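First up is the structure itself, then whatever we jot down about it.
The values are calculated or read from the model by the stated rules, or taken from the named source; none is laboratory data. The structure displayed is predicted, hence computed values, not measured ones. Cβ: placed from backbone, ideal geometry, glycine included. Neighbour counts: every protein chain shown.
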Amino acid sequence: AATASAAANCSNPVFQGEGLFGAPALTLRSGAPKPFPENAQADNYPCSVYAGEDSCCSNKTLEQIDFYFALGDYVLNQTGMLIQDNDYPSKFEQLVSAQMTLLCSFVNKNLFPTLSQDCDQASDLVTKYSKEMSQAAQDVAEAELKCAEALSAYYKGVLCFACEKDWDQYLVSEAGIFTALNLNDNTCTSIVDQCTPVNTGVHTVANVAVEFVEALLDMFSGGSWSFNLDVNALVDSLPDACGGTMGTPGDCTQFYCNSSAVSGMQTPTQSNWGFLNNNNRALEALQAAASSNMYTATGYDAYGVGAADVHTLEMQPWAI
């Protein structure tokens, strides 16, 4: 383990040897910090907030960071494509339609004319709530892209920590061992602000689904069938986007700032909610593991540094 000591020029231990907190090994400038970048030709460089300042990043360091930036952008773009291609409304409508078709296939129109009429009305409900579900899912997808951008800003910001000449001010040590990164409160609040709408959105999707099922039950119970079903119990165990469930919502600040979902130099966790139903154990493991970050008013603002180098993702709305 790396031991804590006073900063010796650009000898940031986070990026040396096997690295700390999941950081890659980078070739830092030797000796004292110098103006950034090294020459006028370096006009297309990462970590742009350090432009004109004394920095521990050489051109070689910037080339290495740029590689990880490109990798991060690729992951972000792939995430965006997965989110955009994951058509929640169609899947929802297909699932409900299949169940309604199966249910109504057993109804004899001659023996149960009322039930037959209910089945016809049910198709109208499917259409109505599919539109509402489509809008709710559209909101989730757009929020997921914003969350992905926030996590990308974080990842790029912590990589740019290699350029920070005052790096020793942001490393926390216990008994001479570096144990955590001291990050600025703005990093935590910015990620939470941009990722919480995902959680709000998935709960809205669940609420619309519950309202739809209840509308179906009300319609059929007004006819010839009776039901005794706790609809909310059907969705209570489904995971949300902040480490909780629909029945017990997760704490987004706890999830993004205090768990390993966002920790050190590890690639942050971006969960495409449409694929979460089979990942309960993975989410529980994330929530249980502590982050190597701590947040204070005087910490390194990873989000603010990285946000300058994040591009915006856009998506086309689904047909509603």
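Take the conditions (1) in contact with a Cys (Cβ under 6 Å, 6 or more places away or on another chain); (2) modelled with pLDDT of 90 or more; (3) not hydroxyl-bearing (Ser, Thr, Tyr); GLY250 misses just one of them, which is (2). None of LEU171, LEU183, LEU151, LEU159 is at pLDDT 85 or above, in contact with a strand residue (DSSP E or B) (Cβ under 6 Å, 6 or more places away or on another chain) and under 25 Å from VAL198 (Cβ atoms) except LEU183.
What about SER190, is it modelled with pLDDT under 85 and of a type in the set (Gly, Ala, Ser)? It is false that SER190 is modelled with pLDDT under 85 and of a type in the set (Gly, Ala, Ser).
When residues in the stretch 165-200 are screened for being assigned to a helix (DSSP H, G or I) and charged (D, E, K, R), 3 of them pass.
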